[in-house]
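Report on the structure given below.
The values are calculated or read from the model by the stated rules, or taken from the named source; none is laboratory data. No experiment lies behind these values; they were computed from the predicted model shown. Cβ sites come from the backbone with ideal geometry, for glycine too, and all protein chains shown count toward neighbours.
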């Protein structure tokens, strides 16, 4: 039996579940849906959601559906947060309106990043950005796309990185400083 798949999902107050062809999770932060593949069953009893599988043939999907459902329940009740830092001389970011983040990353122009619906951003300092949203998958993809604008450079320790991400600084060429 899958260790993750057999864990029950407690439903917080204010979260409603509709089970049909897919699981529809509705809460104060929004609405999400999770597909139910063949061989997986969902049961709701006394404020607890259980994910069951028909046979061991469907073991791979069992834990996946449980994890996606748990993320949906957490997202619509409390939401998710990711933080991004911009490191480098002259690197900074600012909000333009409610849906655009403008990055200054050493290019000849500012890079404007449009936020999709469901993701909100707040610039706390010129170099620190806090992203919030109810869909964990969408939030992670937006952060990855922002990081791709200027990936962290291991030689100069500059770029866009997740808060708390540790980079190992590389030495570079051995004879570079000799001239």
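Do you know which residues across segment 31-52 are part of a loop (DSSP other than H, G, I, E, B) and over 11 Å from residue 9 (Cβ atoms)? Break it down into steps so the answer makes sense when it comes.
Initially, segment 31-52 is screened for residues part of a loop (DSSP other than H, G, I, E, B), giving 36-39, 46-47.
Residues satisfying the conditions are 36, 37, 38, 39, 46.
Please state which one of 53, 92, 3 is over 23 Å from residue 121 (Cα atoms) and surrounded by 15 or more Cβ atoms within 10 Å (Cβ to Cβ). Explain how you work it out, then say what you get.
Numbers: 92 fails: over 23 Å from residue 121 (Cα atoms); 3 fails: surrounded by 15 or more Cβ atoms within 10 Å (Cβ to Cβ).
Unique residue meeting the criteria: 53.
Out of curiosity, is residue 34 without any contact (Cβ under 8 Å) to a residue 40 or more places away in the chain and either under 30 Å from residue 167 (Cα atoms) or buried (at least 19 other Cβ atoms within 10 Å of the Cβ) (or both)? Before you say what the answer is, go through the steps one by one.
Details: without any contact (Cβ under 8 Å) to a residue 40 or more places away in the chain: yes; either under 30 Å from residue 167 (Cα atoms) or buried (at least 19 other Cβ atoms within 10 Å of the Cβ) (or both): yes.
Yes: the conditions hold for residue 34.
Within segment 9-25, how many residues are surrounded by 15 or more Cβ atoms within 10 Å (Cβ to Cβ) and either in contact with a helix residue (DSSP H, G or I) (Cβ under 7 Å, 6 or more places away or on another chain) or modelled with pLDDT under 90 (or both)? Talk me through it step by step, then tell me what you get.
Step one: of segment 9-25, the residues surrounded by 15 or more Cβ atoms within 10 Å (Cβ to Cβ) are 9, 11, 15, 17, 23-25.
Keeping just the survivors that are either in contact with a helix residue (DSSP H, G or I) (Cβ under 7 Å, 6 or more places away or on another chain) or modelled with pLDDT under 90 (or both) gives 9, 11, 15, 23, 25.
Result for segment 9-25: 5.
Can you list the strands (runs of 3 or more DSSP E) lying wholly within segment 67-179 that have 3 or more residues being without any contact (Cβ under 8 Å) to a residue 40 or more places away in the chain?
On the way: elements: 80-87, 92-96, 100-104, 111-114, 119-123, 128-133, 159-162.
The qualifying strands (runs of 3 or more DSSP E) are 92-96, 100-104, 111-114, 119-123.
Which of the following residues is over 30 Å from residue 37 (Cβ atoms) and crowded, with 19+ Cβ neighbours inside 10 Å: 103, 80, 113? Don't jump to the end; show me each part of the working.
Numbers: 80 fails: over 30 Å from residue 37 (Cβ atoms); 113 fails: crowded, with 19+ Cβ neighbours inside 10 Å.
On inspection, the qualifying residue turns out to be 103.
So is residue 28 in contact (Cβ under 8 Å) with a residue 24 or more places away in the chain, exposed (fewer than 13 other Cβ atoms within 10 Å of the Cβ) and either farther than 18 Å from residue 137 by Cβ or more than 24 Å from the chain's Cα centre (by Cα) (or both) or not? Steps first, please.
Working: in contact (Cβ under 8 Å) with a residue 24 or more places away in the chain: yes; exposed (fewer than 13 other Cβ atoms within 10 Å of the Cβ): no; either farther than 18 Å from residue 137 by Cβ or more than 24 Å from the chain's Cα centre (by Cα) (or both): yes.
No.
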